[in-house]
Every structure is written in C-alpha cells, then in structure tokens.
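Accompanying notes for the structure given below.
What follows draws every value from the coordinates through simple rules; no lab data is involved. Source: prediction; values computed, not measured. Heads up, the Cβs are rebuilt from the backbone with ideal geometry, glycines too, and the neighbour counts pull from every protein chain shown.
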C-alpha cells in the first residue's frame with residue numbers, strides 16, 4: 001500500500017489548460033486589440049465576459065474600404081457610423097480607401113469624438129472629379145496628435161494653412177494632389193518633428209521649398225515634377241534624396257544639406273537634370289563631397305556621361321548603374337578616360353559598383369571592365385543579371401573582364417540572377433530610416449567569382 005501511494009504521488013498531475021491571455025492587464029489586452037484589423041478587434045467581444053468591455057476602451061484601429069473584395073478585412077463605409085457611435089475612443093488609426101462620392105461622409109465621421117486624437121491618418125479618395133475635393137479642416141482635427149499622415153487625391157486650398165500644425169508628425173506622404181508652393185512651405189514649417197517626406201504626382205505652382213531642422217529623408221516622383229524646381233533651403237539632418245522612377249524634378253537646388261549621403265536614382269537622361277549646390281551648378285569646382293551612395297541609369301555607350309557625373313562626387317563609395325536593354329546599346333561610342341586627369345573617387349573612395357539588368361553583351365562588358373581596370377580601392381562589383389547569365393563559366397567571365405589586370409587586388413565579383421529593379425522597393429524605404437542603403441535589393445541566387453589573387 002505504501003509503495004502504491006508513493007508511486008501515485010510521483011506521477012505528474014493532469015495537465016490543466018488555462019487562458020493565459022485573458023489574465024493579462026487591460027492595457028496590454030487593449031494594445032493587442034488595437035493592432036488587429038477592425039473586424040477582428042470587434043469580434044473579441046465574443047470570446048468571454050472578460051473581453052466585452054475591452055474593445056470599447058482599446059484604441060480604435062479603423063480601416064475602411066468601399067470595395068470589400070479588395071481588402072476583405074476592411075469594413076464597409078456603411079458600418080463606420082455605428083462603430084464610432086459605440087466606440088467612445090480613443091482612436092489610434094484611421095485608414096480610408098474609397099471613391100470621391102463618400103467625401104461628405106468622411107467629413108461627418110471626423111466630427112465625431114471617437115476620431116479626435118488619431119495617431120495615424122490615411123485618406124485615399126480615388127477618382128475625384130475635375131474640380132477635386134479640397135482638404136477640409138475637419139480632417140485635421142487630430143493634427144496635434146498625428147504621427148503618420150498619407151493624403152491622396154485631395155487638394156490643399158490656400159486657406160487651410162491655419163489648421164496645419166503638426167508638432168508630433170514624423171512621416172508625411174502627399175500623393176496625386178495639388179498644392180501651392182507657399183502652402184507646401186508653410187506645411188513643412190509647421191511639422192516640428194518630421195523625419196521623412198514622400199511627394200508623388202503632385203501638381204504645384206511655383207517651386208517646392210524645403211526648410212526643416214528634422215527632415216532626414218525625401219522622396220519625389222511623378223511627371224509633374226519635370227517642370228518643377230526643388231529647393232532644399234536648409235535641411236541640416238537630411239541624409240537621403242530619393243527619386244523613384246528616376247524622373248524627379250527638372251532642377252534641384254541644394255542650398256544647405258551638410259549631411260546628404262544618398263542621392264538618386266537619376267534616369268538615363270540624368271544629364272538633362274540640373275543639380276545645383278548653393279547658387280552654382282554642381283561641378284568639379286563645386287562638388288558634393290558628402291554624397292557616398294549614388295544611383296544612375298545609363299546606356300553602356302554612356303560611360304563618358306557617367307564618368308563626368310562621378311567627377312562631381314569625389315567621396316563616392318558606392319555606385320548603382322541601371323543598364324538599358326541591348327537594342328539601346330548598339331551606338332558606337334568608345335569610352336574615353338584620361339589617366340592624366342583622374343577621377344578622385346576612383347582613386348581613393350569608390351569601393352562598390354552594382355550593375356543592374358546586366359546581360360553580358362559587349363557594351364556592358366566594356367562598361368564593367370572600365371571599373372575593373374581603373375577603380376583603385378574597389379572591393380566588390382555586383383552584377384545583377386537577367387535569367388541564368390550567372391551560369392556562364394567563371395573562367396570565361398574572368399577573361400571578358402580582364403580580372404587578372406584589376407588595379408585593386410582585393411576586389412570580389414558577384415553575379416546574382418533573377419534580379420529586377422522595383423520602384424516599390426525604393427518607396428518602402430523612403431520612410432524606413434532603419435535601412436542605410438535604400439537602393440539595396442534582396443537579390444536572387446548568387447554565384448561568387450573568386451578574387452583575382454586566387455585566380456593567378
């Protein structure tokens with residue numbers, strides 16, 4: 001009997017399942033609910049009596065779309081009024097994706113107490129009429145608490161300036177809208193914590209003037225900029241000026257940006273874009289010594305044009321070149337480089353070259369070979385190739401590039417297959433300040449070509 005009792009005592013107790021999540025404090029549960037999609041957050045009331053009051057007290061995360069088949073987790077506009085009537089607030093995020101016929105409903109929603117202290121605001125009102133809707137003051141009731149704002153297809157009237165005070169705003173995106181140069185400048189001047197700005201397909205009268213003590217990243221894109229002038233008057237913390245799709249402004253004047261390190265990508269007609277440092281065009285005598293990463297587009301026959309640009313960036317460490325297709329590269333224009341007038345970055349700074357859309361035909365090989373033979377501190381050339389070009393024999397690639405004659409004995413060659421240039425990749429990094437090099441992709445399969453010293 002004693003032995004049986006001892007044996008029973010040694011056996012583990014039956015496993016008891018407990019609801020550990022419901023035991024968490026209300027503020028933690030409320031934070032969990034607030035990051036769920038709107039529908040899922042409301043459904044938590046059905047879990048148990050413990051959860052019934054949590055949704056109404058948790059920060060509201062309201063995501064609205066007029067077409068439910070596009071985003072099934074979004075709620076329809078017809079349910080918004082009921083939700084904000086039952087949820088007293090506070091609201092953390094309001095995301096609206098819909099058409100212009102719902103604009104009047106937007107105004108009524110923003111008069112509710114539930115949407116008074118938003119942190120994130122996205123309003124994308126597609127397909128507006130010819131006389132687009134004007135931004136209403138009611139949409140900016142939360143200006144004092146907003147951290148992230150995206151506004152699309154809603155124009156900024158000149159009279160909106162007194163409502164635009166954003167002491168906490170960190171990220172601002174303006175998409176497919178009209179704004180005057182004066183209102184744009186006033187808007188930035190009232191953003192005292194702004195770190196990143198994205199402006200896409202914006203129609204503006206006059207130049208876009210940027211003066212911000214906090215701005216670290218700027219992204220510009222759209223055909224409307226081809227007649228525009230961007231003036232960076234004073235941006236002491238600006239590190240990145242990004243131009244998705246490579247068109248950007250026709251004229252870029254950088255009056256004061258002492259920490260600007262990353263620039264581009266310029267399209268292959270980048271020679272037509274005027275870049276000024278201060279009052280004078282960028283040149284050998286008025287160079288941009290702070291820029292370390294530059295992205296350009298080029299035909300292989302435009303090596304001379306690329307080299308001319310490199311003279312303006314004496315401290316450049318990394319160069320991205322997006323090459324054109326073969327049929328655009330058959331022009332007979334031999335590269336010319338005078339060693340008696342060397343390019344400073346090739347002598348002392350340029351460590352990495354990335355060639356995108358590389359297919360390995362003659363003109364592209366000539367383009368790449370130039371850097372092999374002339375970049376003295378080069379540590380890496382990366383070829384981002386179409387298809388299975390990386391399957392070419394390594395020895396054959398060495399002969400084409402004259403690897404044995406490389407002036408840098410430490411250079412490494414990489415060929416990566418199935419790589420594509422995606423504008424969306426660059427756009428994602430306009431606001432992502434944790435990524436130092438926004439041009440860098442996560443490429444496909446890689447074939448490492450050994451260093452020159454290992455081949456000789």
Problem set entry | Inter-label distance, nm, simple model (7 Å from Cα along the C-beta direction), residue 285/residue 192 | 4.4
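Under 1.5 on a/c is rounded, so check that first for region 80-192, then, if it is not, pick prolate when a/b is larger than b/c and oblate when it is not; a ≥ b ≥ c are the square roots of the alpha carbon gyration tensor eigenvalues.
oblate
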Problem set entry | Relative packing of 111-121, 431-441, 375-385, which averages over residues the other C-beta atoms within 10 Å, highest first | 375-385, 111-121, 431-441
For this session: Provide the packing ranking of 396-404, 148-156, i.e. peptides ordered by the mean count of other C-beta atoms within 10 Å per residue, highest first.
Result: 148-156, 396-404
Seminar exercise, completed: Among the Cα-Cα pairs of region 160-231, the proportion with separation greater than 22 Å, in percent, is 13
Problem set entry | Nitroxide proxy distance, nm - points 7 Å out along Cα→Cβ at residue 425 and residue 79 | 3.7
